[in-house]
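For reference, the structure discussed in these notes is given below.
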Amino acid sequence: MLFNSYTFIVFFIIILILHNLPFSWRTKKINLLIASYIFYAAWNPPFILLLWLSTVVDFFVGRALYTQENKHKKKLLLVISLIGNLGMLCFFKYGGFLLENFTFLVNAIGFNFHPAKPNIILPAGISFYTFTTLCYTIDMYKKKSKPVESMLNFSLFVTFFPHLVAGPIVRPPQLVPQFESPRKANTQQLFQGLFLLTLGLFMKVFLADGMLSGPANNSFGATTALQSIDAWMGVLAFSGQIFFDFAGYSLCAIGAALCLGFVLPNNFLYPYAAVGFTDFWRRWHITLSSWLRDYLYIPLGGNRAGKYRTYFNLMVTMLLGGLWHGAKWTFVAWGALHGIYLCVEKLFRDMRKSSAERTLISSPESKVIRASFVPEINHPKNLKNFILALGTFFLVNITWVFFRSTDFTSAWRMLHSMFINNPKNTAVLTNLEIYKVGIIIPLLLITHWMMRNTQALSVAGKTPWWLLGIVWSVMIILILLSQNASSAFIYFQF
Amino acid sequence: MKTGNIIRAGTLAIILSLLAAATWEIYLRHKGNAIYYDDNEAMWAHYRGMVYEPSDESTVFIGSSRVKFDLDIPTWQSITGNHVIQLANVGSDPVPYLVDLADDKNFKGTLVVDVTEGLFFSDFSPQDVATDKKINYFKKITPTQRFSFQVNHILESQLVFLDQERYSLNSMLDKLPLPHRPGVYPGPDFPDDFGVVDFNRQSYMTSRFVADTILQNRVKAIWVCLGRVMAAPTSSAGKLDSFFNVIKVATDKIKSRGGQVLFLRTPSSGPMLEHEKKGYPRTKYWDRLLAVTRCPGIYYADYPSISNFVCPEWSHLKPDDAVIFTKELIKILQKDKGWTFSKKSNSI
């Protein structure tokens, strides 16, 4: 079910009513669980079986992992969980990709192997709920938190509809305790949730789908070299589109949960105001980057095993992060570029390490934090940092070329068009499309820069109520006028 | 956050939004606009799902815009008692839809294929992407999309401003008088009154359009412009052979399951007709189509009762003529092609 659909509006109204009726907390949780399954099944009912399988296996394996004292048995249980979760992900998401590459390799060494192309449908949100359940079993293995005692709470943790399909990727301690005692949004929280829902839908329906998807699709859909302005406008449009689409989804998720009285973690923090790539990954898809940090980068050793190993760990993390987005080499290239950016940035930082920073990293605990590729945010206030932020945005745009292009040929063609202008090349964008991108993207950058150290709700709280009301109604009216109710969120495919 | 601040803001937002929507709706109605429907993939998929009705109870139409304008569905249904499933699409090549139905083993019904030569026989189809989108939408439709369609139908039936083609923000922005970029064709800008759509997917011209020759001339100018692109019939003989083979295979599949296929050439007039005659000589295309597929066909010029229509913009019938055309078409189908309908058609 899409947040930007009439079905969701009807569904959500029913859920809100049910959640506010005087039922017992257990009944309300059962309602939410059933609603979450309906939310998921509304997309493709048979895939709900996968969700059940994942939930049941990880609930019991997680509990056994926590209580098992025998190291070998414990490892075996972890392997079972990893095979179960990652195996499912590999089959559905990477099955075709692996077979395609295997076929290419065996043919390259002389074998004549041409298997039928598998017709595998990717279950919605499999990457998200697999990561949600994986972190639970790994936490149980490490005894980082206690096992969830109730199957109902665990099922709801995995399946809770706001985060189920496209995140934010939640950790058990963030959500499970919220199911343990009765929760209901007060009027203030309800309106805050509705505000976030409106803002998220405005970003998705009006900005991403209504204004930016057209220019992005036209530019990236071209089969010939483009004039530079068309190429740049297309890439900038996609930069805006993917942010508004995914951050919009996250806001809808957080807002929907808040309307029911639950708090989900923030997923975006004005990423296009990032100064450098460590800062960018602290602001973009925060729950994924922190997941990768905690369950991949740090277990690989972080920066504790020497300089070169740190670079290696960063690259592995980002390459796998790229592959997580999709079974295509262009996504790997996207991850590789981010990995390279992070390594280069780290190299410069190491070279310029100040004595004050050396003091900071002296304790072993902070060393681990610094080892991550998402360190604490700096608070730049000057022009130099603004220029650095623009430079970061420029480099991020290069990575989006690989992310959005269907293959490397298209990506190289787009990059060539961006940097070498030939007036004889094709023009695909209308003046109107150029104006849309030319207005929205600078406004996006200015907004990100101004809001970089704050959050939407706190700004809303400081705004006079009448002004907030007017802004809010403008967003609603623009959503109504956009009338793009059926377009899926980009991150659903991941 | 100050308690109550966001509650007051939210209340104000709801009031202002309702006021704005109501004002916009009243304004549009005051200007004489009626309820029209978005002819999108959801609506197409809704009707595509109906093709499994018994063949004696329904007739499926595929093709381009002409059959959408020229077939008056209420007239057809009231005379024949037979349900029209209109699957034709404006500016589209019907062949992918024919192949889609042929490949659907559950389709055993009666199919009428509208033939607009410039779209049916040429390599040119401005709506290829939309065609794929519609067929894929139907194949992958989800329960939530079905439900959303029903809710949307209820709302669209009440509110004029929910007409996406005319009053969505992008449609209105597209009408801004901005200069065109050299080399970028922004797409045809049809007058709003040219092709409004009913819930049964019938397209028709509004009375404003029928009365206004300036609007008609605007559409004629678009045909002239498109004609330059569409004037390229499938060039090589080999390509044409394989094209006819695709059609033959598709029609054979439907007939082998007990279904029937009929080709229909609806009226056109003026320079458009001359252009079509020149680009697609009847013997080379239409006659061969019927010979290869062994399917019956109705070419409007062969029947005096439907051969003298004048299309206001050369290509489509006005609503009054569509009613006459439909009545005559039914007569021809019964008398000349031996079709029978469940309802007696004495009233014709």
Sort A:Phe280, A:Phe386 from largest to smallest accessible area, using a 1.4 Å probe on the heavy atoms of the protein chains.
A:Phe386, A:Phe280
3J(HN,Hα) from dihedral phi, region A:229-240, Karplus parametrisation 6.51/-1.76/1.60, rounded to Hz, x for glycine, proline
5, 5, 5, 5, 5, x, 5, 4, 4, 5, 4, x
For region A:46-196, the Cα convex hull volume per residue in Å³ comes to 149 Å³
Surface per residue (accessible, 1.4 Å probe) for chain B, Å²
45 Å²
Interchain or long-range residues, amide H under 5 Å from B:Val261's placed H:
B:Leu111
Of B:Thr116, A:Thr67, which has the most accessible area and how do the rest follow, probe 1.4 Å?
A:Thr67, B:Thr116
How large is ³J(HN,Hα), in whole Hz, for each residue of region A:423-430 in order, when computed from phi with the Karplus curve 6.51 cos²θ - 1.76 cosθ + 1.60 and θ = phi - 60°, using x for Gly and Pro?
x, 7, 5, 6, 10, 10, 8, 7
Expressed as a rounded percentage, what relative contact order does region B:231-347 have, with Cα pairs under 8 Å and six or more residues apart?
27 percent
Overall Cα dimensions of region A:191-283 - principal axes, largest extent first, Å
51, 30, 16
Shielding by partners, peptide B:36-42 (average Cβ within 10 angstrom, other chains):
1
Considering the options A:Asn385, A:Leu445, A:Ile434, tell which one lies farthest towards the positive end of the dipole of region A:373-482, charges being +1 on Lys and Arg and -1 on Asp and Glu at the Cβ, about the Cα centre.
A:Asn385
Leaving ligands, DNA and RNA out of it, work out the accessible area of A:Leu53 with a 1.4 Å probe and give it in Å² to the nearest 10.
100 Å²
Average partner chain C-beta neighbours within 10 Å, per residue of B:164-171?
5
Might you tell me the accessible area per residue for chain A, computed with a 1.4 Å probe and given in Å²?
43 Å²
Evaluate chain B: find the radius of gyration of its Cα atoms, find its Kirkwood radius, and give the ratio Rg to Rh.
1.01
How many square angstrom of accessible surface are buried between A and B, both sides summed, with a 1.4 Å probe and rounding to 100?
3700 Å²
Separation between Cα centres of region A:204-218 and region A:167-197, rounded to whole Å
30 Å
Projected onto the charge dipole of region B:180-249 (unit charges on the beta-carbon of Lys, Arg, Asp and Glu, signs +1, +1, -1, -1), the Cα from B:His180, B:Leu215, B:Gly227 with the largest positive-side position is that of B:Gly227
Taking beta carbons within 10 Å but only from partner chains, what does the mean come to for residues B:180-190?
4
Compare A:Lys436, B:Lys337 by solvent-accessible area with a 1.4 Å probe and give them largest first, with all protein chains kept in place.
B:Lys337, A:Lys436
Assign unit charges at the C-beta atoms only (+1 for Lys and Arg, -1 for Asp and Glu), then state the dipole size of region A:22-181 relative to its Cα centre in Debye, rounded to the nearest 20.
460 debye
Can you give me the solvent accessible area of B:Glu165 with a 1.4 Å probe, rounded to the nearest 10 Å²?
110 Å²
Mean shadow area (nm²) of the C-alpha convex hull around region A:409-481 is 8.0 nm²
Between region B:70-106 and region B:284-304, how far is it from one alpha carbon centroid to the other, in angstrom?
18 Å
Can you give me the relative contact order of region B:173-317 as a percent, contacts being Cα pairs under 8 Å and 6 or more apart?
22 percent
Specify whether the C-alpha gyration tensor of region A:1-85 places it in the rounded, prolate or oblate class, a ≥ b ≥ c being the square roots of the eigenvalues: rounded for a/c under 1.5, otherwise prolate if a/b is larger than b/c and oblate if not.
oblate
Can you give the convex hull volume per residue for the Cα atoms of region B:22-155, as a whole number of Å³?
146 Å³
Taking the Cα centre of each part, how many Å lie between region A:269-287 and region A:1-55?
32 Å
Shape call for region A:250-314, from the Cα gyration tensor axes a ≥ b ≥ c (a/c under 1.5 means rounded, otherwise prolate when a/b beats b/c, else oblate), comes out oblate
Using a 1.4 Å probe on heavy atoms of the protein chains only, the accessible area for A:Leu388 in Å², nearest 10, reads 80 Å²
Express in nm, to one decimal, how much length is gained between B:Leu226 and B:Ile15 on full extension, taking 0.36 nm for each residue of separation and deducting their alpha carbon distance.
71.3 nm
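So what is the relative contact order of chain B, in percent, for Cα pairs below 8 Å that sit 6 or more residues apart?
Computed value for chain B: 26 percent relative contact order.
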For a quick size check, give me the Cα extents of the protein assembly as shown along its three principal axes, largest first, whole Å.
97, 72, 55
Report the normalised scattering of region A:127-224 as log10 I(q)/I(0) at q = 0.20 Å⁻¹, calculated by the Debye formula with identical scatterers on the alpha carbons.
-1.03
Between the residues A:Ala231, A:Tyr94, A:Phe12, the Cα farthest towards the positive end of the dipole of chain A, that dipole coming from +1 and -1 charges on the beta-carbon of Lys, Arg, Asp and Glu, is from A:Tyr94
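The values are calculated or read from the model by the stated rules, or taken from the named source; none is laboratory data. Note that the structure is a prediction, hence the values are computed from the model and not measured. Glycine also receives a Cβ, built like all others from the backbone with ideal geometry; neighbour counts cover every protein chain displayed. Heads up: the accessible areas ignore ligands, DNA and RNA and are worked out on the full protein's heavy atoms, side chains in. Shrake-Rupley method; radii C 1.70, N 1.55, O 1.52, S 1.80 Å.
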